[in-house]
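All remarks here apply to the structure that follows.
What follows is calculated from the coordinates using simple rules that are stated; it is not laboratory data. Quantities reported herein were computed from a predicted structural model and do not represent experimental measurements. Neighbour counts run over all protein chains shown; Cβ positions are idealised from the backbone, glycine included.
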Amino acid sequence: MESNDTPAHHETPVFGDPDLPQEGEINTADDAASTTMTGPQNPVIESQFPNQMDAPATDISTQPFFWSSFNISPRRVQRGGWARELTQQDFAISDEIAGVNMYLEAGGIRELHWHQTAEWAIMTRGKCRVTTLSRTGLPSVDDVEEGDLWFFPAGLPHSLQGLGPDGAEFVLAFDDGAQSESNTLLLTDWFAHTPPEVLAKNFGVAQEVFADIPLHNLWIFPGDEPGSLEADQAAAGVTWGATEAVIFRLSRSEPVRQNSGGSIKIADSTNFPASKTVAAALTVLEPGSMRELHWHPNADEWQYYLKGQGRMTVFNTGPHANTTDFRAGDVGVVGRNFGHYVENTGDEQLIYIETFKSDHYEEVSLANWLAHLPPALVSAHLNIPEEVLASFPRDTQGITPIR
Ligand code: MN
Ligand code: MN
């Protein structure tokens, strides 16, 4: 259909609809057949992505998917708990961080192991006892609960055990997109694949001591709930204060940004010294609020959505701009230096955690940048009078306040 003058179809770019040829359903009102979908459809999935089915007219296609979800990841379920993961193999652009979502029942054990990458984690439900060893061979045994973090450097051994009454659920971030929870060095595997006489010599006991060791690995298995933390620390030889803390109580830390729109808490090596290769930000957005337009100069952003619903547009050269919807359990990745915002589109809080493969958190706020330029220079770019520019936020807000 040819039509030149209808409001829904114009020959020159307009505010909010900048591209030629125009993209977006708003441009098809005079040609409704354009949006017909004749093939097989899945209405349940489509209903979760309103900003993909009917993208803002400011979107310009396309760029690699920056949405994935633990909700579509197969669960490996064993007696004692389960895990599901998103590695770079599953989620192509996620090359800096791989994620795992795991649950351990009360007493359930993720067996003693180590791996090639560092492991950062946030507790999302319940309680968990974590053990590890420092580079100098000193032990740590600690209990973590909802909102707490842990960090195990690459190669250092550790274990996790769910505590009562409801076990533990948590999300891990490995500092390498290729790391898998199925690619870890396991205590039982090594024992089973070492000659018995070598085990006997190593531990100074008879070979028969090892007659009943498991011949297949355990990975996750049920166990008895451990006793008191103090008793376990004493039995493991923990010396209070001898090692760098491997846990951080993020939920009890002070926000670095807070206003009527929400809050941002940061955990990186400046306040959580052990966390040398993963920096994190926990963002809470009230209904109607938004994580302001910004980017990160030092690393990709790996997001895990804990609660609520939102949308994010990612901007890159081209130009490319695409908007996608996120809900609890979803994962997003934003490339280093790509502009983005996250807007709460629901009627409850939107809560998500951002992780970065870096020792520190870094961002550039668009508003802060524009507020610290000669106003005439900004005005020359945007055709906005200097006196109006003066009403823009004067510094980094992090989150837009509720108006
Ligand atoms: Mn691990
Ligand atoms: Mn960000």
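Tell me which of S180, P195, A236 sits at the most positive position along the dipole axis of the range 69-248, charges placed on C-beta atoms (Lys, Arg +1; Asp, Glu -1).
P195
For E254 and E208, what is the calculated FRET efficiency with R₀ set at 56 Å and r taken between the beta-carbons, to the nearest 0.05?
0.50
Please tell me the relative contact order of the chain in percent, rounded to the nearest whole number, where contacts are Cα pairs under 8 Å and at least six residues apart.
Relative contact order comes out at 16 percent.
Per residue and in Å³, how big is the convex hull formed by the alpha-carbon atoms of the range 253-389?
So the per-residue Cα hull volume is 130 Å³.
Any chance you could run the full-extension gain for D166 through Q48? It's 0.36 nm times the residue separation minus the Cα-Cα distance, nm to one decimal.
Full extension from D166 to Q48 adds 39.5 nm.
Could you tell me which of the pairs K201/K357; K127/K201; K127/K307 are separated by over 31 angstrom between their Cα atoms in the structure shown?
Beyond 31 Å between Cα atoms: K201/K357; K127/K201.
As a check on your grasp of the helix formula, calculate [θ] at 222 nm for the chain: sum -39500 (n - 2.57) over DSSP H runs of n ≥ 4, divide by the residue count, round to the nearest 500.
-2500 deg cm²/dmol
Using the Karplus curve 6.51 cos²θ - 1.76 cosθ + 1.60 with θ = phi - 60°, work out ³J(HN,Hα) for each residue of the range 341-346 in order, rounded to whole Hz, and write x for Gly and Pro.
Ordered by residue, 3J(HN,Hα) equals 9, 10, 10, 6, 9, x Hz.
So if I place +1 on the C-beta of Lys and Arg and -1 on the C-beta of Asp and Glu, and nothing else carries charge, what would the dipole magnitude of the chain be about its Cα centre? I want it in debye, nearest 20.
Dipole of the chain, to the nearest 20 debye: 1140 debye.
Pick from F315, F151, F15: which residue has the top mean-square fluctuation in a GNM of the chain where Cα pairs under 10 Å get a spring?
F15
Which cross-chain or sequence-distant (5 or more) residues have an amide H under 5 Å from the amide H of G223, H modelled 1.01 Å from N in plane?
For G223, whose amide H was placed from the backbone, the distant partners under 5 Å are G108, I109.
For the range 207-229 and the range 60-111, what is the separation of their Cα centres, given in Å?
Using only Cα atoms, the two centres lie 26 Å from each other.
Which of the listed residues, Y341, L156, G167, is farthest toward the dipole's positive end in the chain, when Lys, Arg count +1 and Asp, Glu count -1 at the beta-carbon?
The Cα lying farthest towards the positive end belongs to L156.
Report the gain in length on full extension from K201 to D224: 0.36 nm times residue separation, minus Cα-Cα distance, nm rounded to one decimal.
Gain on stretching K201 to D224: 5.2 nm.
Restricting to Cα pairs below 8 Å that are 6+ residues apart, what does the relative contact order work out to for the range 69-248? Please round to a whole percent.
Reported relative contact order: 29 percent.
Express the relative contact order of the range 253-389 as a whole percentage, based on alpha carbon pairs under 8 Å and six or more residues apart in sequence.
The value is 30 percent.
Using the Karplus curve 6.51 cos²θ - 1.76 cosθ + 1.60 with θ = phi - 60°, what ³J(HN,Hα) values do you get for each residue of the range 134-142, in whole Hz, with x for Gly and Pro?
Running phi through 6.51 cos²θ - 1.76 cosθ + 1.60 with θ = phi - 60° gives 7, 4, 9, x, 9, x, 10, 9, 8 Hz.
May I ask you to compute the full-extension gain from D31 to A231, defined as 0.36 nm times their residue separation minus their alpha-carbon distance, rounded to one decimal in nm?
Roughly 64.7 nm would be gained on extension.
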